[in-house]
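The values are calculated or read from the model by the stated rules, or taken from the named source; none is laboratory data. Worth saying up front: this structure is predicted, and the values here are computed from it rather than measured. Note: ideal-geometry Cβ built from the backbone for every residue, glycine included; neighbour counts use all protein chains shown. Note: accessible area is taken over every heavy atom of the protein model, side chains too, but ligands, DNA and RNA are not part of it. Shrake-Rupley method; radii C 1.70, N 1.55, O 1.52, S 1.80 Å.
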Amino acid sequence: MSEIQKKNVAILGSTGSIGKNSLKVLSNFPEQFKVQYLTINKNIDGILEQIQQFKPRGVVVLDEAASRELKSRITDSTEILCGEEGLLEIVQRDDVDIVISSLVGFAGLKPTMKAIEAKKKIALANKETLVVAGEIIMNLVRQHGVALLPVDSEHSAIFQCLVGEESKHVAKIILTASGGPFRTKSKDELKHVTIEQALNHPNWKMGSKITIDSATLMNKGLEVIEAHWLFGVLPDKIDVVIHPQSIIHSMVEFVDGSVKAQLGVPDMKIPIQYALTYPDRAQSAFARVSFPQLKEMTFFEPDKEKFPCLQLAFDAIKTGGTMPAVMNAANEIAVEKFLDDKITFLRIPQLISKTMGAHVSTPHPTIDNIIDADVWARHYVKSFVV
Ligand code: MG
């Protein structure tokens with residue numbers, strides 16, 4: 001394949017868990033893809049290694065001090081851009097075909113919007129973008145005719161189950177959840193769980209924010225909202241089932257009672273590769289499911305009383321408007337405070353619930369409404385936690 005036909009890729013958040021897995025996938029296809037731009041917050045050692053290996057045209061560093069440090073340490077001709085401006089600029093450049101949006105949290109919203117407006121193919125790993133601004137994002141996607149491919153394993157699974165199907169035949173989406181590290185703990189035991197315990201996910205190796213979200217089940221709540229927007233399915237047609245082995249990544253039930261599931265080992269490289277090669281599938285050396293070794297797959301109803309975050313997410317999407325953005329912002333701050341050892345694990349849902357209770361949702365919000373709601377919710381949570 002000639003150089004011209006290569007697809008140029010920008011990875012937002014390249015030293016994060018999804019970013020690193022994306023680079024592993026891309027390194028298997030040097031003929032098809034060129035790593036063009038990488039962006040980081042401030043992990044200089046991490047990016048120096050990636051620059052050496054992938055020789056990107058440019059790098060964006062969000063943190064200003066870190067960008068100065070990178071400039072002083074870099075020896076080749078890699079272009080260094082700084083801050084959110086740099087991020088918003090590179091996603092629109094002509095020498096980018098695919099944007100892997102894998103920033104954490106609300107920060108992913110603006111660059112993803114700009115990339116859609118610039119008609120780039122989007123591999124979306126930043127679920128918060130759809131949670132806070134799903135209506136706006138999906139309208140932009142339709143308006144600009146871009147491909148928005150889910151990287152989240154559950155949504156990749158649903159997407160794969162829907163290939164060749166008509167939306168009118170979908171009866172229900174069934175999202176699977178591992179249940180996280182505290183699935184079998186009692187509510188009383190949850191009072192005393194530590195940060196280390198919460199960060200110890202049984203099946204998936206991920207960044208700290210999403211790992212805490214998995215422990216509270218907020219991750220599944222965010223995914224319910226994400227699925228609602230991606231697949232146009234009403235919240236009451238989205239079920240969550242606990243499946244501790246994380247082999248079935250999600251399912252779709254059709255009107256005739258038939259159910260399709262997508263299975264695989266829990267490895268993010270598989271959905272990342274599918275998003276990049278879709279509608280094609282490429283050979284990979286990733287681990288395979290061994291059914292005799294697996295022996296059994298089990299399923300349970302999620303305990304919404306023990307893990308109130310899941311119910312909060314259903315409440316937020318049913319209210320709609322700016323409520324999901326408020327829930328998301330409150331969650332981001334609560335998780336940050338938990339990781340800082342400022343609040344206990346059970347305070348996380350309490351703070352989110354309190355914040356949602358104090359918010360009057362604006363229906364069909366503009367981006368400014370969403371940003372205002374996000375800022376308000378962050379301040380509100382912080383007013384209760386020093
Ligand atoms: Mg997921």
At least 3 residues that are open to solvent by 50 Å² or more (accessible area, probe 1.4 Å) in each: list the strands (runs of 3 or more DSSP E) lying fully within the range 224-291 that qualify.
259-263
Sole miss for Ser208 among (1) away from the ligand (no atom under 13 Å from the Cβ); (2) modelled with pLDDT of 95 or more; (3) farther than 18 Å from Phe299 by Cα; (4) small (Gly, Ala, Ser) is condition (2)
Identify the residue in the range 196-205 that is part of a helix (DSSP H, G or I) and out of contact with any helix residue (DSSP H, G or I) (no Cβ under 6 Å at 6 or more places or on another chain) and, among all such residues, is nearest to the ligand (Cβ to nearest atom).
Gln197
Residues of the range 159-191 that turn out to be away from the ligand (no atom under 15 Å from the Cβ) and part of a strand (DSSP E or B), as a count:
3
Hey, Gln197 hits all of (1) more than 17 Å from the chain's Cα centre (by Cα); (2) buried (at least 17 other Cβ atoms within 10 Å of the Cβ) but one; which does it fall short on?
(2)
Could you pull out the residue among Val132, Val96, Val59 that is open to solvent by less than 10 Å² (accessible area, probe 1.4 Å) and in a loop (DSSP other than H, G, I, E, B)?
Val96
So is Ile270 within 16 Å of the ligand (Cβ to nearest atom) and either of a type in the set (A, V, I, L, M, F, W, C) or within 23 Å of Lys295 (Cα to Cα) (or both) or not?
yes
Taking the criterion of being within 14 Å of the ligand (Cβ to nearest atom), β-branched (Val, Ile, Thr) and surrounded by 22 or more Cβ atoms within 10 Å (Cβ to Cβ), would at least one residue in the range 151-158 satisfy it?
yes
Which condition breaks for Ala215 when tested against (1) part of a helix (DSSP H, G or I); (2) over 21 Å from Leu124 (Cβ atoms); (3) open to solvent by 20 Å² or more (accessible area, probe 1.4 Å); (4) within 14 Å of the ligand (Cβ to nearest atom)?
(3)
